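No lab work stands behind these numbers, since they all come straight from the coordinates. Since the model is a prediction, treat every value here as computed from it, not as a measurement. Ideal geometry is used to build each Cβ from the backbone, glycine not excepted, and the neighbour counts take in all protein chains shown.
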């Protein structure tokens with residue numbers, strides 16, 4: 001696929017976004033669509049630019065049963081690649097369900113689209129779905145921003161979303177892979193994830209995440225934990241800055257480097273204090289104990 005300048009791509013995606021129909025993305029350009037045609041499913045290849053990778057099997061089966069009874073209500077959209085050869089632009093879920101239902105043909109709009117338009121249409125069509133998990137939404141927002149040179153408020157305006165909504169989703173991409181996977185698999189909610197974003201240390205994020213899974217913590221409980229952690233961090237930071245001598249600060253940094261973990265060294269004016277080494281799992285605790293031994 002030939003590369004286009006970022007500004008040219010931005011203009012293309014903006015044109016698509018400005019005229020978007022959230023009910024039916026495939027009806028945005030009547031001139032590029034022919035009348036509906038019945039196409040043999042075996043002649044349709046999937047969209048190589050499809051941004052969606054997860055399809056709920058149970059929901060696919062439900063749609064398949066509906067198609068057996070009522071047929072495919074909304075045609076898919078394809079582009080012609082040659083004689084009896086088509087490439088899917090939008091509607092992969094309907095195509096998959098139709099295959100499950102045993103259909104040999106499927107109604108489709110046939111349009112002209114180059115590779116770049118395929119990518120743009122796939123991203124826009126995908127982001128309008130109601131069943132996307134938060135990580136899929138975040139990844140789509142990121143791609144639209146990066147590949148189309150849009151700013152947060154511009155994208156929000158075109159999609160009918162507030163700037164804060166765009167930002168909240170993008171922040172999820174900063175979470176560790178394990179937490180992203182948990183959100184994707186619905187082991188935690190969007191509320192849990194947003195609370196964890198406010199924790200700066202990855203090891204503590206993972207520790208709280210595991211507590212959510214094992215203790216069934218609610219979003220409010222996690223938010224309270226995060227608030228306490230942040231208050232403690234500010235207090236600890238202030239205490240370290242004001243009371244911890246330079247040589248002890250250096251010692252604390254050396255210990256953190258040695259253990260590969262967050263270390264909190266406290267000492268009062270009488271020379272008494274405590275040394276706290278944070279760990280995120282039993283395996284990490286074992287590793288730290290091995291170093292101590």
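Here the gap between residue 84 and residue 201, fully extended at 0.36 nm per residue and compared with their Cα-Cα distance, gives a gain of 36.6 nm.
Using 0.36 nm per residue and subtracting the Cα-Cα separation, the extra length available between residue 218 and residue 281 on full extension is 20.6 nm.
Two numbers describe the Cα atoms of segment 244-293: Rg and Dmax, which are 11.9, 36 Å. For residue 230 and residue 100, the FRET efficiency from 1/(1 + (r/R0)^6), where r spans their Cβ atoms and R0 equals 51 Å, is about 0.55. Taking the fewest neighbouring Cβ atoms within 10 Å as the starting point, the ordered list for 181, 161 is 181, 161.
Exposure proxy for 165, 269, 36: other Cβ atoms within 10 Å of each Cβ, ordered fewest to most, give 269, 36, 165.
Multiplying the residue separation of residue 292 and residue 61 by 0.36 nm and subtracting their alpha-carbon distance yields 77.7 nm.
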